[in-house]
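Taking it in order: structure first as structure tokens, then the write-up.
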Amino acid sequence: MIQTNTSKEETRLDQNRMPFLESLLAERNRWQTSFHMPGHKGRLPLHPMMEDLLGGNPQPADLVEINGILDYLHSPKGALKQSQELAAAAYGADHTFFLINGSTVGNIGAVMSVSSAGQRVIMARASHRSVYSGVVLSGAMPVYIEPEYHPQLGSPLAVRAEVVQQLLNENDHVVAVHITSPNYYGVISDTARIAQITHQQGAVLLVDEAHGSHLNFHEALPESATRLGADMIIQSTHKTQGALTQGSMLHCNDHGLVNLGRVAQVLALLQSSSPSSLLLASLDAARMQMATQGHALLDRVITLAQQARQAIRKIDGLWCYGDELIGTVGVYAYDPTKLIIRTTDAGYTGYEAYDKLRYEHRIDAEFSDLRQVICSVTIGDTEESINKLIKALQAIAAEARPAKQPQAEVAPPAGLPQLVISPREAYFAKSRAVPIQDAVGEVVAENIIPYPPGIPLLVPGEVMEHQHLAYLDYIMKQGSGVVGPEDKSLRKVRVVVQ
């Protein structure tokens, strides 16, 4: 019987299939004698501690591409190509690239594929450090969307569309706009409007949707940027779905602004030439699970999160934010599977509550800041895990201490630091390490990012001021760390030799 094109298409896009995982399983079951890498040959006994950690020996499945038998990440032609096509259809995109270096490489690759030296990229100051890495590697000049701090949460949550419009009007040679939506807090900007504004200027909209890979699979959740006009969308499939850590996806939509060949070249430059088949297979499986079962799984997730939010709101001294965020400080929507739990009324900073959850109740929260601890509810949660969290929060609140005086807080420095030279020029410039007090007035040559919350205080090319020192001193005394600098103790900072 001759099969029609329509039936071929239906077969090819059967979301129950996992083409790459199926090909990997078939090759493992062949039990070939290998004189090829990897060195363990799939037969080397695993150390008992490793086998205990992993719950078995994954080495027989740790296969690599061999003469076209297994499809290759950087030149997919068969099973992996089909898996990426299935992913694009499932997530609402025109094309999907599998990533084995997390959304970090997706952000870097997206920025590098659409910008070059001297061109301008509008980006939120509260961007993941990988976006800054992309600017360094591309040579683009960042134009920052100044963070607008939410009066209750004390952190920047969203990007206003009108601010993007203003910056586009004020700056020439803007080739891209980059926003993070949703962020760690699950807060979402008006992506559709920002996309429209960006496209009117001929620029590309890049969206870091690392925390929103699940959004496309339930109508009770905000829409994914893949369906809101964005050109490139980066998702961490491992964060809110079932892929292994580092498993992510870069989705592209065909609005005539993105060169897919260029994207593929940049990703090949940045990612390993020996990609892990295990990571790629986990992406295939995670997509299949969400495409075929995601709605039912998310029904449960949303119910559990709603139950948790209601229970937390009944605990004296705690509060869990929800719909009241919408419409404030640029917030367009929020992901209800994120629990933003204010702890200051119980006398604890978010950092302190995070530590109490971990060390006293054996619970790991997603994130914390000065005022909140944030928990992520996913398809891996159960009533048991939610009940354990509620009981722990009840116990912590019952030990409440007098709330700290608000005036004790040191606010983040007002305005943006002075940018003297491009991040790329500063990063690769000759530099020297100086005591941090002596760095005031100097151009820093490295990132200084308090984490949490992860918002860069200074990036290469900017001038350090006294207000930066005061804020660093305060936030580190409250329990924050710092990422970026060579000296993690921050006794010294590298500055550009001028």
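The values are calculated or read from the model by the stated rules, or taken from the named source; none is laboratory data. Since the model is a prediction, treat every value here as computed from it, not as a measurement. Neighbour counts are summed over all protein chains in view; Cβ atoms, including those assigned to glycine, are modelled from backbone coordinates with ideal geometry.
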| query | Do we have Ala296 as small (Gly, Ala, Ser) and either under 22 Å from the mean Cα position of the chain (by Cα) or under 23 Å from Ser368 (Cβ atoms) (or both) here? | reply | no
Across (1) under 26 Å from Gly78 (Cβ atoms); (2) surrounded by fewer than 19 Cβ atoms within 10 Å (Cβ to Cβ), Val266 clears everything bar (2)
The lone condition Val121 fails out of (1) part of a loop (DSSP other than H, G, I, E, B); (2) out of contact with any Lys or Arg (no Cβ under 9 Å at 6 or more places or on another chain) is (1)
By residue number, the members of region 60-72 that are over 18 Å from Ile100 (Cβ atoms) and either assigned to a helix (DSSP H, G or I) or among the polar types (S, T, N, Q) (or both) are Pro60, Asn67
Kindly evaluate Leu339 against the criterion of being crowded, with 23+ Cβ neighbours inside 10 Å, in the same structural domain as Gly102 (by TED's automatic domain parsing) and in contact with a Phe, Trp or Tyr (Cβ under 9 Å, 6 or more places away or on another chain).
no
When region 196-211 is checked residue by residue, the ones that are touching a Ser or Thr at 6+ places or on another chain (Cβ under 8 Å) and closer than 22 Å to Val258 by Cα are Val204, Leu205, Val207, Asp208, Glu209, Ala210
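In region 11-47, what residues are in a helix (DSSP H, G or I) and among the hydroxyl-bearing types (Ser, Thr, Tyr)? Steps first, please.
Initial filter on region 11-47 (in a helix (DSSP H, G or I)): 11-12, 19-30.
Result: Thr11, Ser23.
For Tyr144, state whether it is in a strand (DSSP E or B) and closer than 16 Å to Gly454 by Cβ. First the steps, then the outcome.
Values: in a strand (DSSP E or B): yes; closer than 16 Å to Gly454 by Cβ: yes.
Here the answer is yes, as Tyr144 does meet what is asked.
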Considering every residue within region 439-455, establish whether at least one is touching a residue at least 24 places away in the same chain (Cβ under 8 Å), surrounded by fewer than 18 Cβ atoms within 10 Å (Cβ to Cβ) and hydrophobic (A, V, I, L, M, F, W, C). yes
Note on Gln166: of the conditions (1) among the polar types (S, T, N, Q); (2) surrounded by fewer than 24 Cβ atoms within 10 Å (Cβ to Cβ); (3) closer than 30 Å to Met290 by Cα, unmet is (3)
### Message
Yes or no: region 288-296 includes at least one residue that is over 25 Å from Ala61 (Cα atoms) and either hydrophobic (A, V, I, L, M, F, W, C) or touching a strand residue (DSSP E or B) at 6+ places or on another chain (Cβ under 9 Å) (or both).
### Response
yes
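Kindly establish whether Tyr132 is closer than 30 Å to Leu416 by Cβ, of a type in the set (Ser, Thr, Tyr) and crowded, with 22+ Cβ neighbours inside 10 Å.
Numbers: closer than 30 Å to Leu416 by Cβ: yes; of a type in the set (Ser, Thr, Tyr): yes; crowded, with 22+ Cβ neighbours inside 10 Å: yes.
Judged against the criteria, Tyr132 is a match.
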Among the residues of region 289-325, the number that are in contact (Cβ under 8 Å) with a residue 12 or more places away in the chain, under 21 Å from Ser385 (Cα atoms) and among the β-branched types (Val, Ile, Thr) is 4
Scanning region 450-469 for residues that are modelled with pLDDT under 90 and small (Gly, Ala, Ser) gives Gly454
Region 194-290: strands (runs of 3 or more DSSP E) wholly inside it with 1 or more residues that are at pLDDT below 95 and under 16 Å from the mean Cα position of the chain (by Cα) are none
